[in-house]
Amino acid sequence: MEIDKPCTKSNKKGNEEAPCILACPIRQDARDYVQLIARGRFQEAFRVVRERNPLPSACGRICTHPCETKCRRNSTDAPIAIAWLKRFLGDNFSHETGKITSEKYPEKIAIIGAGPAGLAAANDLALLGYSCTIFESNPTPGGMLRMGVPTYRLPRTAIDNDVEYIKKLGVEIRYNTTFGVDITFDSLKKDGFSVLFIGVGLSESRSLNIEGVQLEGVLKGVSFLNEVNTTGSAKIGKNVLVIGGGAVAMDCARTALRLRTDKVSVACLESRKEMPTTDFEIEEAVHEGVALYNSIGPKRILGKNGRVSGLETLKVKYVFDEQKRFNPAFYEGSESVIEADTIILAIGQASNLSFLKGQEGIQITRGGTIIVNPNTFSASVHGIYAGGDVVLGRGTMTESMAQGKKAAIAIHNALRNAALKDEKWAEKTGSARCG
Ligand SMILES: Cc1cc2nc3c(=O)[nH]c(=O)nc-3n(C[C@H](O)[C@H](O)[C@H](O)COP(=O)(O)OP(=O)(O)OC[C@H]3O[C@@H](n4cnc5c(N)ncnc54)[C@H](O)[C@@H]3O)c2cc1C
Ligand code: SF4
(Lines give C-alpha, C1' and ligand atoms only; values in the text may rest on other atoms or scores of the structure.)
(Ligands and ions follow the chains in the order given, each with its own letter.)
Protein backbone atom coordinates (compact mmCIF):
# COMPACT_ATOMS: atom_id res chain seq x y z
CA MET A 1 0.00 0.00 0.00
CA GLU A 2 1.41 3.37 -0.99
CA ILE A 3 1.06 4.91 2.45
CA ASP A 4 3.27 2.23 4.01
CA LYS A 5 6.29 3.29 1.97
CA PRO A 6 8.91 5.20 3.95
CA CYS A 7 8.42 8.98 3.92
CA THR A 8 10.49 10.69 1.27
CA LYS A 9 10.45 14.09 -0.36
CA SER A 10 11.06 12.74 -3.85
CA ASN A 11 7.52 12.96 -5.21
CA LYS A 12 6.82 16.48 -3.91
CA LYS A 13 5.67 18.98 -6.54
CA GLY A 14 6.50 22.72 -6.54
CA ASN A 15 3.73 24.16 -4.38
CA GLU A 16 3.01 21.09 -2.29
CA GLU A 17 4.13 20.24 1.21
CA ALA A 18 3.46 17.36 3.59
CA PRO A 19 0.46 18.20 5.82
CA CYS A 20 2.40 17.53 9.04
CA ILE A 21 4.93 20.23 8.11
CA LEU A 22 2.24 22.77 7.29
CA ALA A 23 0.53 22.04 10.62
CA CYS A 24 3.74 22.65 12.59
CA PRO A 25 4.08 26.32 13.63
CA ILE A 26 7.88 26.24 13.09
CA ARG A 27 7.58 24.04 9.96
CA GLN A 28 9.74 21.25 11.35
CA ASP A 29 10.21 18.59 8.68
CA ALA A 30 9.54 15.47 10.74
CA ARG A 31 10.22 13.18 7.77
CA ASP A 32 13.94 13.98 7.90
CA TYR A 33 14.53 12.98 11.49
CA VAL A 34 12.04 10.11 11.55
CA GLN A 35 13.94 8.47 8.69
CA LEU A 36 17.30 9.00 10.40
CA ILE A 37 15.91 7.43 13.58
CA ALA A 38 14.67 4.46 11.55
CA ARG A 39 18.25 3.99 10.35
CA GLY A 40 19.68 4.28 13.86
CA ARG A 41 21.44 7.59 13.12
CA PHE A 42 20.21 9.21 16.34
CA GLN A 43 22.81 11.94 16.89
CA GLU A 44 22.39 13.10 13.31
CA ALA A 45 18.62 13.03 13.75
CA PHE A 46 18.87 15.27 16.82
CA ARG A 47 21.07 17.69 14.89
CA VAL A 48 18.44 17.87 12.14
CA VAL A 49 15.72 18.65 14.70
CA ARG A 50 17.92 21.28 16.31
CA GLU A 51 18.58 23.07 13.03
CA ARG A 52 14.96 24.16 12.88
CA ASN A 53 13.91 23.97 16.51
CA PRO A 54 15.59 26.17 19.16
CA LEU A 55 14.06 24.19 22.08
CA PRO A 56 14.05 20.58 20.83
CA SER A 57 14.17 18.79 24.19
CA ALA A 58 11.35 20.83 25.73
CA CYS A 59 9.34 20.54 22.53
CA GLY A 60 9.64 16.75 22.48
CA ARG A 61 8.02 16.74 25.92
CA ILE A 62 5.20 19.26 25.69
CA CYS A 63 4.56 20.38 22.11
CA THR A 64 0.84 19.96 21.45
CA HIS A 65 1.92 18.26 18.18
CA PRO A 66 -0.65 19.52 15.67
CA CYS A 67 1.57 17.72 13.11
CA GLU A 68 0.26 14.36 14.31
CA THR A 69 -3.37 15.44 13.90
CA LYS A 70 -2.63 16.04 10.21
CA CYS A 71 -0.45 12.96 9.68
CA ARG A 72 -1.64 10.94 6.67
CA ARG A 73 -1.34 7.73 8.65
CA ASN A 74 -4.47 8.77 10.58
CA SER A 75 -6.47 7.41 7.65
CA THR A 76 -4.72 4.02 7.92
CA ASP A 77 -4.21 3.36 11.64
CA ALA A 78 -2.48 5.91 13.89
CA PRO A 79 -0.22 8.91 13.26
CA ILE A 80 3.57 8.64 13.33
CA ALA A 81 4.62 9.46 16.92
CA ILE A 82 6.43 12.61 15.79
CA ALA A 83 6.58 14.26 19.23
CA TRP A 84 7.54 11.08 21.13
CA LEU A 85 10.36 10.47 18.67
CA LYS A 86 11.58 14.02 19.25
CA ARG A 87 11.39 13.37 22.98
CA PHE A 88 13.54 10.24 22.56
CA LEU A 89 16.19 12.31 20.77
CA GLY A 90 16.02 15.18 23.26
CA ASP A 91 16.29 12.86 26.27
CA ASN A 92 19.27 10.94 24.92
CA PHE A 93 21.19 12.92 22.31
CA SER A 94 20.96 16.59 23.27
CA HIS A 95 24.45 16.91 24.74
CA GLU A 96 26.03 18.65 21.80
CA THR A 97 28.89 21.07 22.28
CA GLY A 98 27.21 23.70 20.14
CA LYS A 99 27.75 25.47 16.90
CA ILE A 100 30.40 28.18 16.60
CA THR A 101 28.90 31.45 15.42
CA SER A 102 30.78 34.61 14.65
CA GLU A 103 29.33 38.07 15.13
CA LYS A 104 29.29 39.43 11.63
CA TYR A 105 27.29 42.57 12.24
CA PRO A 106 27.83 45.54 14.57
CA GLU A 107 24.22 46.01 15.79
CA LYS A 108 23.40 44.88 19.34
CA ILE A 109 19.96 43.39 19.88
CA ALA A 110 18.10 43.44 23.20
CA ILE A 111 15.52 40.76 23.90
CA ILE A 112 13.11 41.08 26.80
CA GLY A 113 12.08 37.74 28.29
CA ALA A 114 13.78 34.32 28.23
CA GLY A 115 10.64 32.38 27.31
CA PRO A 116 10.22 30.38 24.07
CA ALA A 117 9.66 33.52 21.94
CA GLY A 118 12.71 35.41 23.25
CA LEU A 119 14.96 32.33 23.22
CA ALA A 120 13.95 31.48 19.64
CA ALA A 121 14.55 35.04 18.44
CA ALA A 122 17.97 35.11 20.16
CA ASN A 123 18.91 31.68 18.78
CA ASP A 124 18.13 32.61 15.18
CA LEU A 125 19.65 36.11 15.40
CA ALA A 126 22.87 34.66 16.86
CA LEU A 127 23.00 32.16 13.99
CA LEU A 128 22.57 35.05 11.55
CA GLY A 129 25.57 36.79 13.14
CA TYR A 130 24.14 39.28 15.66
CA SER A 131 25.11 39.98 19.25
CA CYS A 132 22.04 39.31 21.43
CA THR A 133 21.41 39.96 25.10
CA ILE A 134 18.30 38.62 26.81
CA PHE A 135 17.04 40.55 29.85
CA GLU A 136 14.95 38.34 32.14
CA SER A 137 13.23 39.25 35.43
CA ASN A 138 13.47 35.73 36.83
CA PRO A 139 16.67 34.10 38.09
CA THR A 140 16.24 31.25 35.56
CA PRO A 141 15.30 30.87 31.86
CA GLY A 142 12.33 29.21 30.16
CA GLY A 143 9.44 31.56 30.94
CA MET A 144 6.17 29.68 31.43
CA LEU A 145 7.91 26.40 30.63
CA ARG A 146 9.67 26.75 33.98
CA MET A 147 7.15 28.83 35.94
CA GLY A 148 3.96 27.12 34.78
CA VAL A 149 4.47 23.68 33.24
CA PRO A 150 4.71 21.04 36.00
CA THR A 151 7.97 19.12 36.37
CA TYR A 152 6.26 15.74 35.86
CA ARG A 153 5.48 16.83 32.28
CA LEU A 154 8.70 18.71 31.59
CA PRO A 155 11.89 17.83 33.49
CA ARG A 156 13.97 20.97 33.99
CA THR A 157 17.03 19.28 32.49
CA ALA A 158 15.23 19.48 29.12
CA ILE A 159 14.96 23.29 29.40
CA ASP A 160 18.52 23.57 30.75
CA ASN A 161 20.01 21.52 27.88
CA ASP A 162 18.19 23.61 25.28
CA VAL A 163 19.20 26.93 26.87
CA GLU A 164 22.83 25.84 27.33
CA TYR A 165 23.04 25.28 23.58
CA ILE A 166 21.63 28.76 22.87
CA LYS A 167 24.13 30.32 25.30
CA LYS A 168 26.96 28.53 23.51
CA LEU A 169 25.89 30.32 20.33
CA GLY A 170 27.01 33.49 22.12
CA VAL A 171 23.67 34.67 23.53
CA GLU A 172 24.04 36.42 26.88
CA ILE A 173 21.22 36.16 29.44
CA ARG A 174 21.05 38.76 32.22
CA TYR A 175 18.80 37.43 34.97
CA ASN A 176 17.00 39.34 37.74
CA THR A 177 16.67 42.27 35.35
CA THR A 178 13.18 43.66 34.87
CA PHE A 179 12.42 45.86 31.90
CA GLY A 180 10.69 49.01 33.16
CA VAL A 181 12.42 48.74 36.56
CA ASP A 182 16.13 47.91 36.18
CA ILE A 183 16.39 48.88 32.51
CA THR A 184 14.31 51.13 30.25
CA PHE A 185 13.94 52.01 26.56
CA ASP A 186 16.33 54.94 27.14
CA SER A 187 18.96 52.98 29.07
CA LEU A 188 19.05 50.27 26.39
CA LYS A 189 19.52 52.91 23.70
CA LYS A 190 22.33 54.52 25.71
CA ASP A 191 23.95 51.08 26.04
CA GLY A 192 24.05 50.79 22.26
CA PHE A 193 21.12 48.45 21.56
CA SER A 194 19.56 49.39 18.24
CA VAL A 195 16.72 46.84 18.15
CA LEU A 196 14.39 45.54 20.84
CA PHE A 197 12.33 42.33 20.76
CA ILE A 198 9.63 42.10 23.44
CA GLY A 199 8.72 38.54 24.45
CA VAL A 200 7.33 39.09 27.94
CA GLY A 201 4.44 36.61 27.72
CA LEU A 202 1.38 36.83 29.97
CA SER A 203 2.63 36.99 33.53
CA GLU A 204 -0.57 37.94 35.40
CA SER A 205 -3.30 35.44 36.39
CA ARG A 206 -6.84 36.69 35.80
CA SER A 207 -9.17 36.83 38.80
CA LEU A 208 -12.94 36.50 39.21
CA ASN A 209 -15.12 39.43 40.15
CA ILE A 210 -17.33 37.52 42.60
CA GLU A 211 -18.00 37.54 46.34
CA GLY A 212 -15.42 35.61 48.36
CA VAL A 213 -12.32 35.86 46.12
CA GLN A 214 -10.42 37.56 48.95
CA LEU A 215 -10.89 34.59 51.32
CA GLU A 216 -7.90 32.63 52.58
CA GLY A 217 -7.47 29.52 50.45
CA VAL A 218 -8.25 31.21 47.10
CA LEU A 219 -5.13 30.91 44.91
CA LYS A 220 -4.21 31.97 41.39
CA GLY A 221 -3.32 29.17 38.97
CA VAL A 222 0.10 30.13 37.64
CA SER A 223 1.26 31.48 41.05
CA PHE A 224 0.31 28.12 42.58
CA LEU A 225 2.15 26.19 39.85
CA ASN A 226 5.19 28.47 40.10
CA GLU A 227 5.36 27.93 43.86
CA VAL A 228 5.24 24.15 43.48
CA ASN A 229 7.73 24.27 40.59
CA THR A 230 10.24 26.31 42.59
CA THR A 231 9.78 24.96 46.14
CA GLY A 232 8.27 21.51 45.56
CA SER A 233 5.20 22.36 47.64
CA ALA A 234 2.39 24.87 48.29
CA LYS A 235 0.01 25.61 51.15
CA ILE A 236 -3.24 23.95 50.11
CA GLY A 237 -5.95 22.00 51.92
CA LYS A 238 -7.18 18.45 51.40
CA ASN A 239 -10.20 19.23 49.21
CA VAL A 240 -9.15 21.33 46.22
CA LEU A 241 -11.41 22.80 43.54
CA VAL A 242 -9.90 24.26 40.37
CA ILE A 243 -12.03 26.75 38.40
CA GLY A 244 -11.30 26.68 34.65
CA GLY A 245 -11.43 24.22 31.78
CA GLY A 246 -8.15 24.80 29.91
CA ALA A 247 -4.68 23.29 29.95
CA VAL A 248 -3.58 25.39 32.93
CA ALA A 249 -6.57 24.13 34.95
CA MET A 250 -5.59 20.52 34.15
CA ASP A 251 -2.00 21.23 35.25
CA CYS A 252 -3.24 22.81 38.50
CA ALA A 253 -5.52 19.86 39.26
CA ARG A 254 -2.90 17.21 38.51
CA THR A 255 -0.29 19.13 40.52
CA ALA A 256 -2.69 19.39 43.48
CA LEU A 257 -3.26 15.61 43.28
CA ARG A 258 0.48 15.13 43.76
CA LEU A 259 0.43 17.16 47.01
CA ARG A 260 -1.33 14.52 49.13
CA THR A 261 -4.84 15.90 48.75
CA ASP A 262 -7.95 13.78 49.42
CA LYS A 263 -10.04 15.17 46.59
CA VAL A 264 -9.36 17.36 43.55
CA SER A 265 -12.15 18.64 41.29
CA VAL A 266 -12.34 20.88 38.25
CA ALA A 267 -15.39 23.07 37.59
CA CYS A 268 -15.80 24.83 34.27
CA LEU A 269 -18.37 26.68 32.16
CA GLU A 270 -17.80 24.49 29.12
CA SER A 271 -19.30 21.12 28.35
CA ARG A 272 -16.73 18.36 28.05
CA LYS A 273 -16.46 18.76 24.27
CA GLU A 274 -16.20 22.56 24.51
CA MET A 275 -13.29 22.52 26.98
CA PRO A 276 -10.37 24.57 25.57
CA THR A 277 -7.71 21.90 25.93
CA THR A 278 -6.76 18.63 24.29
CA ASP A 279 -8.73 15.41 24.96
CA PHE A 280 -5.46 13.88 26.00
CA GLU A 281 -4.96 16.33 28.87
CA ILE A 282 -8.55 15.89 30.11
CA GLU A 283 -8.30 12.10 29.92
CA GLU A 284 -5.00 12.10 31.84
CA ALA A 285 -6.53 14.26 34.59
CA VAL A 286 -9.64 12.08 34.89
CA HIS A 287 -7.52 8.93 34.78
CA GLU A 288 -5.46 10.23 37.71
CA GLY A 289 -8.63 10.83 39.75
CA VAL A 290 -9.72 14.42 39.07
CA ALA A 291 -13.52 14.88 39.29
CA LEU A 292 -14.95 17.01 36.45
CA TYR A 293 -17.95 19.34 36.87
CA ASN A 294 -18.88 20.57 33.40
CA SER A 295 -21.35 23.31 32.39
CA ILE A 296 -21.43 25.14 35.70
CA GLY A 297 -20.37 28.69 36.51
CA PRO A 298 -19.14 30.27 39.75
CA LYS A 299 -21.72 32.46 41.56
CA ARG A 300 -19.83 33.14 44.81
CA ILE A 301 -17.12 31.64 46.98
CA LEU A 302 -18.39 30.57 50.38
CA GLY A 303 -16.31 30.93 53.53
CA LYS A 304 -16.15 30.03 57.21
CA ASN A 305 -13.97 31.97 59.69
CA GLY A 306 -12.26 33.83 56.82
CA ARG A 307 -11.35 30.63 54.94
CA VAL A 308 -12.87 29.04 51.85
CA SER A 309 -15.52 26.38 52.49
CA GLY A 310 -16.99 25.91 49.01
CA LEU A 311 -18.23 27.33 45.74
CA GLU A 312 -21.83 28.20 44.96
CA THR A 313 -22.50 27.47 41.30
CA LEU A 314 -25.13 28.04 38.61
CA LYS A 315 -25.97 25.78 35.68
CA VAL A 316 -24.80 27.12 32.31
CA LYS A 317 -27.38 27.77 29.55
CA TYR A 318 -24.72 28.49 26.94
CA VAL A 319 -21.09 29.65 26.90
CA PHE A 320 -20.96 31.25 23.43
CA ASP A 321 -23.74 33.44 21.99
CA GLU A 322 -25.15 33.31 18.46
CA GLN A 323 -22.21 35.38 17.15
CA LYS A 324 -19.91 32.72 18.68
CA ARG A 325 -18.61 35.26 21.22
CA PHE A 326 -17.71 34.16 24.74
CA ASN A 327 -20.83 35.38 26.57
CA PRO A 328 -21.97 32.80 29.14
CA ALA A 329 -25.59 32.73 30.37
CA PHE A 330 -26.94 30.82 33.38
CA TYR A 331 -30.21 29.24 34.55
CA GLU A 332 -31.75 31.29 37.36
CA GLY A 333 -32.49 29.32 40.52
CA SER A 334 -30.08 26.49 39.60
CA GLU A 335 -27.72 27.10 42.54
CA SER A 336 -25.80 24.24 44.10
CA VAL A 337 -22.64 24.00 46.23
CA ILE A 338 -19.33 22.17 45.75
CA GLU A 339 -17.46 21.89 49.02
CA ALA A 340 -13.75 22.79 49.01
CA ASP A 341 -11.13 24.15 51.40
CA THR A 342 -8.94 25.50 48.57
CA ILE A 343 -10.01 27.12 45.31
CA ILE A 344 -7.52 27.64 42.49
CA LEU A 345 -8.48 30.15 39.78
CA ALA A 346 -7.21 28.99 36.39
CA ILE A 347 -9.29 31.20 34.12
CA GLY A 348 -6.61 32.77 31.95
CA GLN A 349 -3.57 34.99 31.91
CA ALA A 350 -3.05 38.67 31.18
CA SER A 351 -0.04 40.77 30.24
CA ASN A 352 1.84 43.24 32.42
CA LEU A 353 2.88 46.05 30.08
CA SER A 354 3.75 48.62 32.76
CA PHE A 355 7.13 49.13 31.03
CA LEU A 356 5.29 50.81 28.13
CA LYS A 357 4.55 53.90 30.25
CA GLY A 358 5.81 56.87 28.23
CA GLN A 359 5.84 54.78 25.01
CA GLU A 360 2.29 55.54 23.90
CA GLY A 361 3.34 54.98 20.26
CA ILE A 362 3.24 51.21 20.80
CA GLN A 363 -0.30 50.09 20.06
CA ILE A 364 -2.00 47.52 22.24
CA THR A 365 -5.36 45.75 21.96
CA ARG A 366 -8.19 46.10 24.49
CA GLY A 367 -7.19 42.65 25.74
CA GLY A 368 -3.66 43.91 26.55
CA THR A 369 -1.72 42.26 23.72
CA ILE A 370 0.83 44.14 21.60
CA ILE A 371 -0.26 44.89 18.02
CA VAL A 372 2.38 43.92 15.45
CA ASN A 373 2.67 43.67 11.69
CA PRO A 374 1.75 39.98 11.11
CA ASN A 375 4.58 39.49 8.63
CA THR A 376 7.44 41.30 10.34
CA PHE A 377 6.35 41.30 14.01
CA SER A 378 7.39 44.94 14.23
CA ALA A 379 5.34 47.00 16.67
CA SER A 380 4.12 50.46 15.76
CA VAL A 381 7.43 52.11 16.77
CA HIS A 382 10.57 51.81 14.62
CA GLY A 383 13.12 49.25 15.87
CA ILE A 384 10.70 47.56 18.30
CA TYR A 385 9.43 44.04 17.66
CA ALA A 386 7.27 41.69 19.72
CA GLY A 387 6.18 38.05 19.64
CA GLY A 388 4.94 35.08 21.63
CA ASP A 389 2.05 35.09 24.09
CA VAL A 390 2.17 38.89 24.51
CA VAL A 391 1.08 39.08 20.86
CA LEU A 392 -0.89 35.84 20.53
CA GLY A 393 -2.96 36.33 23.69
CA ARG A 394 -2.82 32.66 24.49
CA GLY A 395 -0.53 30.46 22.46
CA THR A 396 1.65 27.41 22.68
CA MET A 397 5.41 27.13 23.05
CA THR A 398 5.78 26.23 19.38
CA GLU A 399 3.61 29.11 18.16
CA SER A 400 5.66 31.46 20.35
CA MET A 401 8.94 30.09 18.97
CA ALA A 402 7.60 30.54 15.43
CA GLN A 403 6.98 34.24 16.09
CA GLY A 404 10.47 34.67 17.56
CA LYS A 405 11.98 32.98 14.50
CA LYS A 406 9.99 35.07 12.03
CA ALA A 407 10.88 38.27 13.89
CA ALA A 408 14.59 37.33 13.71
CA ILE A 409 14.46 37.21 9.90
CA ALA A 410 12.48 40.47 9.76
CA ILE A 411 15.00 42.21 12.06
CA HIS A 412 17.87 41.02 9.86
CA ASN A 413 16.09 42.22 6.70
CA ALA A 414 15.38 45.63 8.26
CA LEU A 415 18.95 46.10 9.53
CA ARG A 416 20.66 44.92 6.33
CA ASN A 417 18.05 46.13 3.85
CA ALA A 418 17.96 42.49 2.76
CA ALA A 419 15.23 40.16 1.48
CA LEU A 420 16.10 36.94 3.29
CA LYS A 421 13.20 34.47 3.10
CA ASP A 422 12.54 31.24 4.92
CA GLU A 423 11.06 29.04 2.20
CA LYS A 424 9.46 26.78 4.81
CA TRP A 425 6.93 29.53 5.53
CA ALA A 426 6.03 30.09 1.89
CA GLU A 427 2.36 29.51 1.01
CA LYS A 428 1.94 25.82 0.13
CA THR A 429 -0.86 23.31 -0.18
CA GLY A 430 -0.94 20.29 2.09
CA SER A 431 -1.35 17.87 -0.77
CA ALA A 432 2.14 16.38 -1.09
CA ARG A 433 2.20 12.62 -0.57
CA CYS A 434 4.55 11.32 2.08
CA GLY A 435 5.64 8.16 0.37
C1 LIG B 1 0.58 26.05 33.14
C2 LIG B 1 0.91 26.16 31.69
C3 LIG B 1 1.04 25.01 30.94
C4 LIG B 1 1.35 25.10 29.59
N5 LIG B 1 1.51 23.94 28.88
C6 LIG B 1 1.86 24.00 27.58
C7 LIG B 1 2.07 22.81 26.83
O8 LIG B 1 1.92 21.70 27.34
N9 LIG B 1 2.45 22.92 25.53
C10 LIG B 1 2.63 24.14 24.93
O11 LIG B 1 3.01 24.18 23.76
N12 LIG B 1 2.41 25.29 25.61
C13 LIG B 1 2.04 25.25 26.92
N14 LIG B 1 1.82 26.40 27.62
C15 LIG B 1 1.93 27.68 26.91
C16 LIG B 1 3.39 28.12 26.77
O17 LIG B 1 4.06 27.96 28.00
C18 LIG B 1 3.43 29.56 26.31
O19 LIG B 1 2.68 29.68 25.12
C20 LIG B 1 4.85 30.04 26.07
O21 LIG B 1 5.67 29.83 27.19
C22 LIG B 1 4.85 31.52 25.70
O23 LIG B 1 6.16 31.90 25.44
P24 LIG B 1 6.62 33.43 25.55
O25 LIG B 1 8.08 33.44 25.33
O26 LIG B 1 5.76 34.26 24.70
O27 LIG B 1 6.28 33.88 27.05
P28 LIG B 1 6.68 33.27 28.46
O29 LIG B 1 6.96 31.82 28.38
O30 LIG B 1 5.62 33.71 29.39
O31 LIG B 1 8.05 34.00 28.81
C32 LIG B 1 8.10 35.38 29.06
C33 LIG B 1 9.34 35.69 29.88
O34 LIG B 1 9.45 37.10 30.00
C35 LIG B 1 9.81 37.44 31.33
N36 LIG B 1 9.35 38.80 31.60
C37 LIG B 1 8.07 39.23 31.72
N38 LIG B 1 8.05 40.56 31.94
C39 LIG B 1 9.34 40.98 31.95
C40 LIG B 1 9.98 42.24 32.13
N41 LIG B 1 9.28 43.37 32.32
N42 LIG B 1 11.34 42.30 32.10
C43 LIG B 1 12.09 41.16 31.89
N44 LIG B 1 11.53 39.94 31.72
C45 LIG B 1 10.18 39.85 31.74
C46 LIG B 1 9.10 36.40 32.18
O47 LIG B 1 9.71 36.26 33.45
C48 LIG B 1 9.26 35.15 31.30
O49 LIG B 1 10.44 34.45 31.61
C50 LIG B 1 1.50 26.36 28.97
C51 LIG B 1 1.34 27.53 29.73
C52 LIG B 1 1.05 27.44 31.07
C53 LIG B 1 0.88 28.70 31.87
S1 SF4 C 1 7.55 21.02 16.85
FE2 SF4 C 1 5.59 20.12 17.54
S3 SF4 C 1 4.20 20.42 15.78
FE4 SF4 C 1 6.31 20.69 15.02
S5 SF4 C 1 6.94 18.65 14.26
FE6 SF4 C 1 7.62 18.82 16.40
S7 SF4 C 1 5.97 17.88 17.63
FE8 SF4 C 1 5.12 18.36 15.59
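Taking GluC sites (Glu not before Pro) in DSSP loop states with no more than 11 other Cβ atoms inside 10 Å as exposed sites, the chain has its longest site-free stretch at 1-321. Taking the C-alpha atoms only, the angle from helix 279-288 to the longest principal axis of the chain is near 50 degrees.
Per residue, how large is the accessible surface of segment 207-348? Use a 1.4 angstrom probe and give square angstrom.
Here the per-residue accessible area is 52 Å².
Other residues within the sphere of radius under 14 Å centred on the Cβ of N375, judged by their own Cβ, net out at +1 (K and R +1, D and E -1). Sites count as exposed loop sites when they are trypsin sites (Lys or Arg not before Pro), lie in a DSSP loop, and have at most 11 other Cβ atoms within 10 angstrom; the longest stretch of the chain without one is 105-234.
What a 1.4 Å probe finds exposed on segment 207-348 is 48% carbon and sulfur by accessible area, rounded to a whole percent.
Multiplying the residue separation of N294 and T365 by 0.36 nm and removing their Cα-Cα distance gives an extension gain of 22.5 nm. Accessible area per residue for segment 113-187 is 34 Å², calculated with a 1.4 Å probe on protein heavy atoms, without ligands, DNA or RNA. Neighbours of A234 by Cβ distance under 12 Å: Lys/Arg scored +1, Asp/Glu scored -1, total +3. Here the simple spin-label model places points 7 Å from the Cα toward Cβ, and for K168 and D321 these points are separated by 5.6 nm. Against the longest principal axis of the chain, how steep is helix 42-52, in degrees 0 to 90 to the nearest 10, with axes from Cα atoms? Taking Cα atoms only, the helix is inclined about 80 degrees.
When exposed loop sites are taken as chymotrypsin sites (Phe, Trp or Tyr not before Pro) in a DSSP loop with at most 13 other Cβ atoms within 10 Å, the longest stretch of the chain clear of them is 176-330.
Taking other residues whose beta carbon is less than 10 angstrom from the beta carbon of I301, and scoring Lys, Arg as +1 and Asp, Glu as -1, yields 0. Roughly how many nanometres apart are two label points built 7 Å out from the Cα toward the Cβ at R258 and A426? A separation of 4.5 nm, rounded to one decimal place. Per-residue ellipticity at 222 nm computed for the chain from its helices equals -9000 deg cm²/dmol, with DSSP H segments shorter than 4 residues left out and the rest contributing -39,500 (n - 2.57).
A simple spin-label model places pseudo-atoms 7 Å from Cα toward Cβ; at T157 and Q214 they are separated by 4.8 nm.
Rounding to the nearest 10 and keeping the result within 0 to 90°, find how far the Cα-based axis of helix 397-416 lies from the longest principal axis of the chain. It works out to around 40 degrees.
The values are calculated or read from the model by the stated rules, or taken from the named source; none is laboratory data. Being a predicted model, the structure only gives us computed values, none of them experimental. Glycine gets a Cβ as well: all are built from the backbone with ideal geometry, and neighbour counts include every protein chain shown. Heads up: the accessible areas ignore ligands, DNA and RNA and are worked out on the full protein's heavy atoms, side chains in. Shrake-Rupley method; radii C 1.70, N 1.55, O 1.52, S 1.80 Å.
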